[in-house]
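Input: a single structure, listed below in C-alpha coordinates.
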Amino acid sequence: MKLDDLSVVIIGRNEELHIEKCLQSVLRGTEAFDAPEIIYVDSASTDRTVQKAKQYPIKIIQLRPEWKLSAPAGRYIGYHHTSGRYIFFIDGDTILYKNWLNKAVSFISEHPDIAGVAGVVHEVFTDSEGNILGNCKNRYLQQNKVSEARTFGGIALYRRSVLEEVGSFNPHIADEERELGLRIRKAGYKIVRIYSPMAITYAYPRETVSEILRRAHSGFYSFGATLRYCLKNGLFWQYLTERLSFIFTFIFGVLVSTGILILFILSNNLKILISLCIGIAIILFSLKRKDIRGMFISLFKRVLILYKTIQTFFTTIPRPPESYPMDVIVIKDQEQG
(Lines give C-alpha, C1' and ligand atoms only; values in the text may rest on other atoms or scores of the structure.)
Protein backbone atom coordinates (compact mmCIF):
# COMPACT_ATOMS: atom_id res chain seq x y z
CA MET A 1 0.00 0.00 0.00
CA LYS A 2 1.14 3.57 -0.63
CA LEU A 3 2.15 5.81 2.25
CA ASP A 4 -0.95 7.98 1.94
CA ASP A 5 -3.44 5.16 1.39
CA LEU A 6 -4.84 4.89 4.90
CA SER A 7 -5.51 7.08 7.92
CA VAL A 8 -7.22 5.86 11.08
CA VAL A 9 -9.05 8.24 13.40
CA ILE A 10 -9.85 6.87 16.86
CA ILE A 11 -12.04 8.96 19.15
CA GLY A 12 -12.71 8.57 22.83
CA ARG A 13 -13.33 10.05 26.25
CA ASN A 14 -12.59 8.24 29.51
CA GLU A 15 -11.97 4.93 27.76
CA GLU A 16 -9.29 3.52 30.06
CA LEU A 17 -11.12 0.17 30.22
CA HIS A 18 -10.99 -0.36 26.45
CA ILE A 19 -8.44 1.95 24.79
CA GLU A 20 -5.52 -0.49 24.89
CA LYS A 21 -7.55 -3.29 23.32
CA CYS A 22 -8.73 -0.86 20.67
CA LEU A 23 -5.23 0.40 19.83
CA GLN A 24 -3.76 -3.08 19.76
CA SER A 25 -6.46 -4.22 17.34
CA VAL A 26 -5.93 -1.18 15.09
CA LEU A 27 -2.18 -1.77 14.98
CA ARG A 28 -2.75 -5.41 14.05
CA GLY A 29 -5.38 -4.42 11.50
CA THR A 30 -3.04 -1.99 9.72
CA GLU A 31 0.05 -4.24 9.50
CA ALA A 32 -0.41 -4.79 5.76
CA PHE A 33 -0.26 -1.05 5.04
CA ASP A 34 2.84 0.98 4.39
CA ALA A 35 3.21 3.47 7.28
CA PRO A 36 -0.50 3.93 8.13
CA GLU A 37 -1.43 7.18 9.82
CA ILE A 38 -3.05 6.49 13.21
CA ILE A 39 -4.47 9.33 15.30
CA TYR A 40 -6.24 9.16 18.64
CA VAL A 41 -8.45 12.19 19.34
CA ASP A 42 -9.20 12.48 23.04
CA SER A 43 -12.15 14.53 24.31
CA ALA A 44 -10.47 15.87 27.45
CA SER A 45 -10.46 12.57 29.35
CA THR A 46 -10.15 12.78 33.12
CA ASP A 47 -9.07 9.17 33.66
CA ARG A 48 -5.96 7.26 32.49
CA THR A 49 -6.98 6.96 28.85
CA VAL A 50 -4.26 9.26 27.52
CA GLN A 51 -1.54 7.75 29.72
CA LYS A 52 -2.36 4.30 28.37
CA ALA A 53 -2.58 5.51 24.77
CA LYS A 54 0.87 7.15 24.98
CA GLN A 55 2.45 3.69 25.16
CA TYR A 56 1.60 3.02 21.51
CA PRO A 57 3.16 4.32 18.24
CA ILE A 58 0.33 6.67 17.35
CA LYS A 59 -0.35 10.40 17.27
CA ILE A 60 -2.43 11.75 20.16
CA ILE A 61 -4.27 15.04 20.11
CA GLN A 62 -6.73 16.34 22.66
CA LEU A 63 -9.72 18.66 22.55
CA ARG A 64 -9.71 21.35 25.19
CA PRO A 65 -12.10 20.83 28.13
CA GLU A 66 -13.79 24.21 27.67
CA TRP A 67 -14.90 23.30 24.13
CA LYS A 68 -18.13 21.53 23.26
CA LEU A 69 -17.05 17.90 23.45
CA SER A 70 -18.78 15.30 21.29
CA ALA A 71 -18.15 12.37 18.98
CA PRO A 72 -18.69 14.43 15.80
CA ALA A 73 -16.25 17.06 17.06
CA GLY A 74 -13.63 14.36 17.59
CA ARG A 75 -14.16 12.96 14.10
CA TYR A 76 -14.14 16.42 12.55
CA ILE A 77 -10.85 17.33 14.22
CA GLY A 78 -9.35 13.93 13.43
CA TYR A 79 -10.25 14.27 9.76
CA HIS A 80 -8.41 17.58 9.55
CA HIS A 81 -5.28 16.00 11.01
CA THR A 82 -5.11 13.20 8.43
CA SER A 83 -3.80 12.96 4.89
CA GLY A 84 -4.77 9.44 3.77
CA ARG A 85 -6.74 8.71 0.63
CA TYR A 86 -9.03 6.54 2.77
CA ILE A 87 -10.00 7.40 6.34
CA PHE A 88 -11.23 4.83 8.82
CA PHE A 89 -13.14 6.13 11.84
CA ILE A 90 -13.44 3.98 14.94
CA ASP A 91 -14.44 4.52 18.57
CA GLY A 92 -12.09 3.93 21.48
CA ASP A 93 -14.38 1.28 23.00
CA THR A 94 -14.14 -0.93 19.93
CA ILE A 95 -12.01 -3.87 18.82
CA LEU A 96 -11.23 -4.10 15.11
CA TYR A 97 -11.12 -7.42 13.27
CA LYS A 98 -7.64 -7.97 11.87
CA ASN A 99 -8.47 -8.42 8.17
CA TRP A 100 -11.26 -5.86 7.92
CA LEU A 101 -9.28 -2.89 6.64
CA ASN A 102 -7.57 -4.98 3.95
CA LYS A 103 -10.97 -6.03 2.61
CA ALA A 104 -12.55 -2.60 2.99
CA VAL A 105 -9.79 -0.67 1.23
CA SER A 106 -9.65 -3.22 -1.60
CA PHE A 107 -13.43 -3.05 -2.00
CA ILE A 108 -13.78 0.72 -2.01
CA SER A 109 -10.80 1.19 -4.34
CA GLU A 110 -12.52 -1.06 -6.90
CA HIS A 111 -15.85 0.83 -6.74
CA PRO A 112 -15.44 4.54 -7.52
CA ASP A 113 -19.16 5.24 -6.98
CA ILE A 114 -18.95 4.14 -3.35
CA ALA A 115 -17.99 6.78 -0.80
CA GLY A 116 -17.97 4.67 2.34
CA VAL A 117 -18.00 1.07 3.49
CA ALA A 118 -18.73 -0.65 6.80
CA GLY A 119 -19.24 -4.24 7.88
CA VAL A 120 -20.72 -6.52 10.51
CA VAL A 121 -20.65 -5.12 14.04
CA HIS A 122 -21.12 -7.18 17.18
CA GLU A 123 -21.98 -5.49 20.49
CA VAL A 124 -21.03 -6.47 24.02
CA PHE A 125 -23.06 -4.77 26.74
CA THR A 126 -21.21 -3.88 29.95
CA ASP A 127 -21.65 -1.89 33.12
CA SER A 128 -19.44 1.03 34.17
CA GLU A 129 -16.82 -1.34 35.58
CA GLY A 130 -16.58 -3.41 32.41
CA ASN A 131 -18.60 -6.40 33.61
CA ILE A 132 -20.35 -8.11 30.71
CA LEU A 133 -24.15 -7.99 30.84
CA GLY A 134 -25.05 -9.41 27.44
CA ASN A 135 -24.39 -9.14 23.73
CA CYS A 136 -25.96 -8.47 20.36
CA LYS A 137 -24.55 -10.22 17.32
CA ASN A 138 -24.77 -8.58 13.90
CA ARG A 139 -26.28 -5.37 15.26
CA TYR A 140 -27.34 -4.05 11.84
CA LEU A 141 -28.86 -7.42 10.78
CA GLN A 142 -26.75 -7.76 7.65
CA GLN A 143 -27.59 -10.67 5.39
CA ASN A 144 -26.53 -9.76 1.86
CA LYS A 145 -22.96 -9.82 0.61
CA VAL A 146 -23.26 -6.11 -0.22
CA SER A 147 -26.09 -3.91 1.05
CA GLU A 148 -26.69 -0.23 0.37
CA ALA A 149 -27.02 1.78 3.56
CA ARG A 150 -28.52 5.12 4.51
CA THR A 151 -26.18 5.71 7.41
CA PHE A 152 -23.31 4.13 9.33
CA GLY A 153 -22.59 4.07 13.02
CA GLY A 154 -19.36 5.62 14.19
CA ILE A 155 -17.22 2.86 12.65
CA ALA A 156 -16.67 3.06 8.89
CA LEU A 157 -14.16 3.70 6.10
CA TYR A 158 -14.66 6.78 3.89
CA ARG A 159 -13.11 8.00 0.66
CA ARG A 160 -11.30 11.27 1.37
CA SER A 161 -12.09 12.86 -1.99
CA VAL A 162 -15.82 12.55 -1.28
CA LEU A 163 -15.49 14.08 2.19
CA GLU A 164 -13.59 16.96 0.61
CA GLU A 165 -16.44 17.38 -1.89
CA VAL A 166 -19.47 17.17 0.45
CA GLY A 167 -17.85 18.11 3.75
CA SER A 168 -16.78 15.96 6.68
CA PHE A 169 -18.66 15.34 9.94
CA ASN A 170 -20.46 18.38 11.32
CA PRO A 171 -19.03 19.00 14.82
CA HIS A 172 -22.08 20.96 15.98
CA ILE A 173 -24.81 18.32 15.69
CA ALA A 174 -26.03 14.95 16.92
CA ASP A 175 -26.67 11.98 14.62
CA GLU A 176 -23.73 13.17 12.53
CA GLU A 177 -23.29 9.89 10.65
CA ARG A 178 -26.80 10.03 9.21
CA GLU A 179 -26.53 13.69 8.26
CA LEU A 180 -23.23 12.99 6.50
CA GLY A 181 -24.80 10.01 4.76
CA LEU A 182 -27.57 12.25 3.43
CA ARG A 183 -25.04 14.68 1.97
CA ILE A 184 -23.07 11.86 0.41
CA ARG A 185 -26.16 10.34 -1.22
CA LYS A 186 -27.35 13.76 -2.38
CA ALA A 187 -24.03 14.12 -4.22
CA GLY A 188 -24.71 10.88 -6.10
CA TYR A 189 -22.50 8.45 -4.18
CA LYS A 190 -23.39 5.29 -2.29
CA ILE A 191 -22.47 3.99 1.13
CA VAL A 192 -22.62 0.24 1.64
CA ARG A 193 -22.11 -2.53 4.15
CA ILE A 194 -20.28 -5.68 3.15
CA TYR A 195 -20.94 -8.97 4.90
CA SER A 196 -17.62 -9.29 6.68
CA PRO A 197 -16.82 -8.99 10.42
CA MET A 198 -15.63 -5.46 11.12
CA ALA A 199 -15.69 -4.77 14.85
CA ILE A 200 -16.79 -5.66 18.35
CA THR A 201 -17.94 -2.63 20.29
CA TYR A 202 -18.51 -2.30 24.03
CA ALA A 203 -21.51 -0.26 25.15
CA TYR A 204 -23.99 0.26 27.93
CA PRO A 205 -27.38 -1.44 27.33
CA ARG A 206 -29.35 1.12 25.33
CA GLU A 207 -32.90 0.20 26.34
CA THR A 208 -32.67 1.20 30.02
CA VAL A 209 -34.01 4.32 31.68
CA SER A 210 -30.57 5.31 33.00
CA GLU A 211 -28.91 5.02 29.57
CA ILE A 212 -31.76 6.87 27.85
CA LEU A 213 -31.43 9.71 30.36
CA ARG A 214 -27.63 9.74 29.99
CA ARG A 215 -27.90 10.00 26.21
CA ALA A 216 -30.47 12.77 26.46
CA HIS A 217 -28.28 14.71 28.89
CA SER A 218 -25.19 14.29 26.67
CA GLY A 219 -27.00 15.66 23.61
CA PHE A 220 -27.31 12.35 21.79
CA TYR A 221 -31.02 12.98 21.16
CA SER A 222 -30.66 16.61 20.08
CA PHE A 223 -31.98 15.86 16.61
CA GLY A 224 -33.60 19.28 16.35
CA ALA A 225 -30.18 20.82 15.81
CA THR A 226 -29.56 18.39 12.98
CA LEU A 227 -32.94 19.28 11.49
CA ARG A 228 -31.99 22.96 11.49
CA TYR A 229 -28.84 22.22 9.52
CA CYS A 230 -30.79 19.96 7.16
CA LEU A 231 -33.32 22.74 6.65
CA LYS A 232 -30.43 24.93 5.58
CA ASN A 233 -28.98 22.46 3.07
CA GLY A 234 -32.23 21.15 1.61
CA LEU A 235 -32.36 17.80 3.42
CA PHE A 236 -35.01 18.62 6.03
CA TRP A 237 -37.82 16.31 4.87
CA GLN A 238 -35.49 13.47 4.00
CA TYR A 239 -33.91 13.56 7.45
CA LEU A 240 -37.30 13.91 9.13
CA THR A 241 -38.76 10.88 7.36
CA GLU A 242 -35.66 8.70 7.72
CA ARG A 243 -34.69 9.47 11.30
CA LEU A 244 -37.85 10.74 12.98
CA SER A 245 -40.64 8.85 11.28
CA PHE A 246 -42.09 7.94 14.69
CA ILE A 247 -43.20 11.57 15.00
CA PHE A 248 -45.87 10.88 12.40
CA THR A 249 -47.10 8.00 14.59
CA PHE A 250 -47.35 10.44 17.48
CA ILE A 251 -49.37 12.83 15.34
CA PHE A 252 -51.63 9.95 14.32
CA GLY A 253 -52.03 8.98 17.98
CA VAL A 254 -52.99 12.53 18.93
CA LEU A 255 -55.59 12.67 16.17
CA VAL A 256 -57.03 9.29 17.15
CA SER A 257 -57.09 10.26 20.83
CA THR A 258 -58.90 13.47 19.95
CA GLY A 259 -61.47 11.50 17.96
CA ILE A 260 -61.98 9.09 20.87
CA LEU A 261 -62.45 12.00 23.27
CA ILE A 262 -65.04 13.55 20.98
CA LEU A 263 -66.82 10.19 20.70
CA PHE A 264 -66.84 9.83 24.46
CA ILE A 265 -68.21 13.33 24.97
CA LEU A 266 -70.96 12.73 22.44
CA SER A 267 -71.91 9.26 23.69
CA ASN A 268 -70.98 9.73 27.37
CA ASN A 269 -70.11 6.02 27.45
CA LEU A 270 -67.04 5.29 29.56
CA LYS A 271 -66.82 1.68 28.39
CA ILE A 272 -66.43 2.83 24.79
CA LEU A 273 -63.62 5.19 25.76
CA ILE A 274 -61.70 2.62 27.81
CA SER A 275 -62.03 -0.20 25.29
CA LEU A 276 -60.98 1.98 22.37
CA CYS A 277 -57.96 3.37 24.25
CA ILE A 278 -56.79 -0.08 25.27
CA GLY A 279 -57.34 -1.48 21.79
CA ILE A 280 -55.45 1.30 20.04
CA ALA A 281 -52.58 1.16 22.56
CA ILE A 282 -52.24 -2.60 22.06
CA ILE A 283 -52.31 -2.30 18.28
CA LEU A 284 -49.75 0.53 18.11
CA PHE A 285 -47.24 -0.85 20.53
CA SER A 286 -47.53 -4.51 19.50
CA LEU A 287 -46.06 -3.42 16.17
CA LYS A 288 -42.75 -2.66 17.91
CA ARG A 289 -42.65 -4.45 21.25
CA LYS A 290 -43.83 -7.79 22.60
CA ASP A 291 -43.45 -7.10 26.34
CA ILE A 292 -44.97 -4.46 28.59
CA ARG A 293 -41.64 -3.22 29.95
CA GLY A 294 -40.21 -2.81 26.47
CA MET A 295 -43.36 -1.00 25.41
CA PHE A 296 -43.06 1.61 28.15
CA ILE A 297 -39.28 1.99 27.72
CA SER A 298 -39.83 2.57 24.01
CA LEU A 299 -42.58 5.11 24.71
CA PHE A 300 -40.43 6.93 27.30
CA LYS A 301 -37.50 7.08 24.89
CA ARG A 302 -39.60 8.45 22.05
CA VAL A 303 -41.28 11.07 24.20
CA LEU A 304 -37.85 12.22 25.39
CA ILE A 305 -36.48 12.27 21.84
CA LEU A 306 -39.49 14.29 20.69
CA TYR A 307 -39.00 16.79 23.53
CA LYS A 308 -35.25 17.18 22.86
CA THR A 309 -35.87 17.46 19.12
CA ILE A 310 -38.40 20.27 19.53
CA GLN A 311 -36.26 22.03 22.15
CA THR A 312 -33.04 21.97 20.13
CA PHE A 313 -34.77 22.86 16.87
CA PHE A 314 -35.90 26.19 18.30
CA THR A 315 -32.74 26.93 20.29
CA THR A 316 -30.12 26.05 17.67
CA ILE A 317 -28.47 28.72 15.59
CA PRO A 318 -26.64 26.93 12.76
CA ARG A 319 -22.93 27.69 12.52
CA PRO A 320 -20.47 26.60 9.85
CA PRO A 321 -18.39 23.52 10.76
CA GLU A 322 -15.19 25.53 10.39
CA SER A 323 -16.24 27.68 13.37
CA TYR A 324 -15.24 24.80 15.66
CA PRO A 325 -11.84 25.53 17.31
CA MET A 326 -8.80 23.89 15.76
CA ASP A 327 -6.03 24.70 18.25
CA VAL A 328 -5.95 21.22 19.78
CA ILE A 329 -3.39 20.04 22.31
CA VAL A 330 -0.80 17.83 20.60
CA ILE A 331 0.19 15.31 23.23
CA LYS A 332 2.30 12.98 21.11
CA ASP A 333 3.38 12.72 17.47
CA GLN A 334 3.24 9.33 15.81
CA GLU A 335 6.94 9.51 14.98
CA GLN A 336 7.74 9.60 18.71
CA GLY A 337 6.34 6.10 19.10
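Within the range 69-110, being within 20 Å of TYR202 (Cβ to Cβ) and in a strand (DSSP E or B) holds for PHE88, PHE89, ILE90, ASP91, THR94, ILE95, LEU96.
How many of the residues in the range 16-68 are part of a loop (DSSP other than H, G, I, E, B), among the aliphatic types (A, V, I, L, M) and under 18 Å from PRO325 (Cβ atoms)? So the answer is 2.
It is to be established whether one or more residues within the range 158-170 are farther than 20 Å from LEU240 by Cα and assigned to a strand (DSSP E or B). Yes, because at least one residue in the range 158-170 is farther than 20 Å from LEU240 by Cα and assigned to a strand (DSSP E or B). Restricting the range 167-203 to residues that are over 24 Å from GLY29 (Cβ atoms) and acidic (Asp, Glu), the residue that is surrounded by the fewest Cβ atoms within 10 Å (Cβ to Cβ) is ASP175. Within the range 111-148, the set of residues being closer than 21 Å to VAL166 by Cβ and either of a type outside the set (A, V, I, L, M) or not in a strand (DSSP E or B) (or both) comprises HIS111, PRO112, ASP113, GLY116, GLU148.
The one condition from (1) in a loop (DSSP other than H, G, I, E, B); (2) basic (Lys, Arg); (3) surrounded by 22 or more Cβ atoms within 10 Å (Cβ to Cβ) that ARG206 does not meet is (3).
Only one entry of GLY92, GLY84, GLY116 meets the criterion of being in contact (Cβ under 8 Å) with a residue 40 or more places away in the chain, touching a helix residue (DSSP H, G or I) at 6+ places or on another chain (Cβ under 6 Å) and either over 26 Å from ILE58 (Cα atoms) or crowded, with 19+ Cβ neighbours inside 10 Å (or both), and that entry is GLY92.
Only one entry in GLN51, GLN24, GLN55, GLN62 is closer than 22 Å to LYS103 by Cα and at pLDDT 95 or above, namely GLN24.
In the set (1) crowded, with 23+ Cβ neighbours inside 10 Å; (2) in contact (Cβ under 8 Å) with a residue 60 or more places away in the chain, THR49 fails one condition alone, (2).
Can you tell me which of (1) touching a residue at least 60 places away in the same chain (Cβ under 8 Å); (2) farther than 30 Å from LEU133 by Cα is the one TRP237 doesn't meet? TRP237 satisfies every listed condition except (1).
Do we find that ASN233 is surrounded by fewer than 18 Cβ atoms within 10 Å (Cβ to Cβ) and more than 24 Å from ILE95 (Cα to Cα) in this structure?
Values: surrounded by fewer than 18 Cβ atoms within 10 Å (Cβ to Cβ): yes; more than 24 Å from ILE95 (Cα to Cα): yes.
Considered against the rule, which asks whether it is surrounded by fewer than 18 Cβ atoms within 10 Å (Cβ to Cβ) and more than 24 Å from ILE95 (Cα to Cα), ASN233 comes out as yes.
Restricting the first member to the range 174-198 and to residues that are under 23 Å from ASN138 (Cβ atoms), and the second to residues that are of a type in the set (S, T, N, Q) and buried (at least 22 other Cβ atoms within 10 Å of the Cβ), the beta-carbon pairs closer than 6 Å and six or more apart or on different chains are ASP175/THR226.
The values are calculated or read from the model by the stated rules, or taken from the named source; none is laboratory data. What you see is a predicted model, and the numbers here were worked out from it, not measured in a lab. No Cβ is skipped: glycine too gets one built from the backbone with ideal geometry, and neighbour counts run over all protein chains shown.
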